[in-house]
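The values are calculated or read from the model by the stated rules, or taken from the named source; none is laboratory data. Note that the coordinates shown come from a computational prediction; the quantities given were computed from them, not determined experimentally. Glycine gets a Cβ as well: all are built from the backbone with ideal geometry, and neighbour counts include every protein chain shown.
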Amino acid sequence: MTFRIRGLDPAPFRPLFGLADDELAARGVTRCVADARPGYPDRITLRDAEVGETLLLLNYEHQPARTAYRARHAIFVREGAEDAYSAVGEIPEVLAIRPMSLRAFTAAGEMVDADLAEGAEALARLIERLLQDPKVAYLHAHYARRGCYAARIDRAGPPDPAPPPPR
C-alpha cells in the first residue's frame, strides 16, 4: 500500500503573514526567528526553517472531529510559506529525524490505534501497518517529544492536480 503525506494548506495562515507583532499577539500568535536547524519544523512545507527565517507559533485545530479526540496544539508555520508538501511514499527529513507518534483515526474521527517510530524506514513500516486496517481513514503524525501535530497521512490516491497552464 502506498501513502501520501501532506503539509498544511497555507491559505488559512496567509492573513497572518506580515502582521505587526502586536496584531499577532492579539490573535494569540508569536513571531519567532529560527536560531538553529533543525529546531523549527514548518507544517506547510514540512521542512525545518533555516537559521534566520521567521515563523509564526500558533495554536491550530488539527483534529476538528466532534469526538473525544478533537484536538488543538501549537505549531510553527514559516512566514510566507506557499508550497504545501505533498508526496507519495516519501518520508520528509523533518519527520525522519525525530521520534514520531502516529495516531490512526476512523472517518468519524475516532482513534483506533497509535504507535511510535523513529527514522524513515521505521516510520514508513508503521504507516503501512496502520493503513492496512480497513477501519483507518487517515493518520496524524505528531512530534513525540512535545506532542505537536506534524502532518496528515492518507492512503495514496490520484496525484495532486497540476496547476493550470499560464495564460
* Residues 83, 113: which one is over 25 Å from residue 40 (Cβ atoms) and either acidic (Asp, Glu) or in contact with a helix residue (DSSP H, G or I) (Cβ under 8 Å, 6 or more places away or on another chain) (or both)? -> 113
* To do: Provide a single number: the residues in the stretch 56-105 that are hydroxyl-bearing (Ser, Thr, Tyr), over 21 Å from residue 130 (Cα atoms) and not in a strand (DSSP E or B).
  => 1
* Asked: If you take the residues in the stretch 130-167 that are modelled with pLDDT of 95 or more and acidic (Asp, Glu), which one is nearest to residue 6 (Cα to Cα)?
  -> 154
* Keeping to the stretch 39-55, report how many residues are in a loop (DSSP other than H, G, I, E, B), of a type outside the set (Phe, Trp, Tyr) and modelled with pLDDT of 95 or more. => 9
* residue 70 versus (1) surrounded by 13 or more Cβ atoms within 10 Å (Cβ to Cβ); (2) at pLDDT below 95; (3) closer than 22 Å to residue 145 by Cα: which is the lone unmet condition? -> (1)
* So which pairs qualify, if the first residue must be in the stretch 46-60 and in contact (Cβ under 8 Å) with a residue 60 or more places away in the chain, the second must be part of a strand (DSSP E or B) and buried (at least 18 other Cβ atoms within 10 Å of the Cβ), the Cβ gap must be under 8 Å, and the two must be at least 6 apart or on different chains? -> 46/5; 46/150; 46/151; 60/75; 60/149
* Return yes when residue 50 is loosely packed, with under 15 Cβ neighbours inside 10 Å and closer than 24 Å to residue 131 by Cα and no when it is not. => no
